[in-house]
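Heads up: the structure comes next, in structure tokens.
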Amino acid sequence: MPALPTFPITTLAVRPLPDAVIDQIGHDARSAYVERFWLGILGPSATWLLRRLVDALEAAPEGFDLDLALIATELGLGTRSGQNSPFVRTMQRCARFGVVAMVGTTEMQVRRKLPPLTQYQIDRLPPHLQEEHRRWTASARAHPSPDERREHARGLALSLLADGEDVATAERLLHGRAVHPAMAHEAVAWAVAHGGVTQRLTAGDRPPTAA
């Protein structure tokens, strides 16, 4: 892992860390899932730092400059410098679990969503949280929220377009998977705009071949 910045370096460039899979299936860093199940893994300081960074990225999606001394003070971590300072240890913990990635010593990329816990991580939770996680997962599968249904539809749309389906066929296949027509249309439009996939013509829309 690259060396982490220490004071008296005053600012650090913060940028989003895109991940096509986790951005679709993951949990917002400020969500109840992260607070309930990731907290004991990341630790409170790292969790709060991540929440603050994601809040700021929501306001400035392209990135921003982070005042290191200010954020450390706001989180109650003090302004002491050095690799063993509480704030630098907090950043190291975030990096160790992959929720941030350092680019040299001047830039930090931040995940806006965290993945579901792995089975290894679940097994390290206290027994009552393991059971709660099992119930949470079962309930989420049976009763997805509107946001979860939309994210799932978008993920399916990305996969269908990447597999070579045209826009009309992708929408029709989403209908066949019980996705509401309006949501299917939005999901395919989003996939075309964000997935790096050029919109394909349907057979009926193709121009006639020159004789």
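In region 37-59 there is no residue that is touching an Asp or Glu at 6+ places or on another chain (Cβ under 6 Å) and of a type outside the set (A, V, I, L, M). Assess whether Pro116 counts as being part of a loop (DSSP other than H, G, I, E, B), surrounded by 15 or more Cβ atoms within 10 Å (Cβ to Cβ) and within 22 Å of the chain's Cα centre (by Cα). Against the criterion (part of a loop (DSSP other than H, G, I, E, B), surrounded by 15 or more Cβ atoms within 10 Å (Cβ to Cβ) and within 22 Å of the chain's Cα centre (by Cα)), Pro116 qualifies. In region 118-142, the residues that are in the same structural domain as Tyr33 (by TED's automatic domain parsing) and within 19 Å of Gly26 (Cα to Cα) never reach a residue that is modelled with pLDDT of 90 or more and among the acidic types (Asp, Glu) with C-beta atoms less than 6 angstrom apart, at least six apart or across chains. If a residue must be of a type in the set (A, V, I, L, M, F, W, C) and either at positive phi or in contact with a Phe, Trp or Tyr (Cβ under 9 Å, 6 or more places away or on another chain) (or both), how many such residues does region 154-163 contain? Final tally of qualifying residues: 2.
Only one of these is part of a helix (DSSP H, G or I) and loosely packed, with under 12 Cβ neighbours inside 10 Å: His128, His133, His152. Name it. Break it down into steps so the answer makes sense when it comes.
On the way: His133 fails: loosely packed, with under 12 Cβ neighbours inside 10 Å; His152 fails: loosely packed, with under 12 Cβ neighbours inside 10 Å.
Selected residue: His128, the only one of His128, His133, His152 that is part of a helix (DSSP H, G or I) and loosely packed, with under 12 Cβ neighbours inside 10 Å.
Among the residues of this structure, Thr105 does not count as one that is under 17 Å from Ser45 (Cβ atoms) and hydroxyl-bearing (Ser, Thr, Tyr). Residues that are modelled with pLDDT under 85 and either of a type in the set (A, V, I, L, M, F, W, C) or surrounded by fewer than 18 Cβ atoms within 10 Å (Cβ to Cβ) (or both) do occur in region 160-171, at least one of them.
The values are calculated or read from the model by the stated rules, or taken from the named source; none is laboratory data. As the structure is a prediction and not an experimental result, all values here were calculated from the model. Note: ideal-geometry Cβ built from the backbone for every residue, glycine included; neighbour counts use all protein chains shown.
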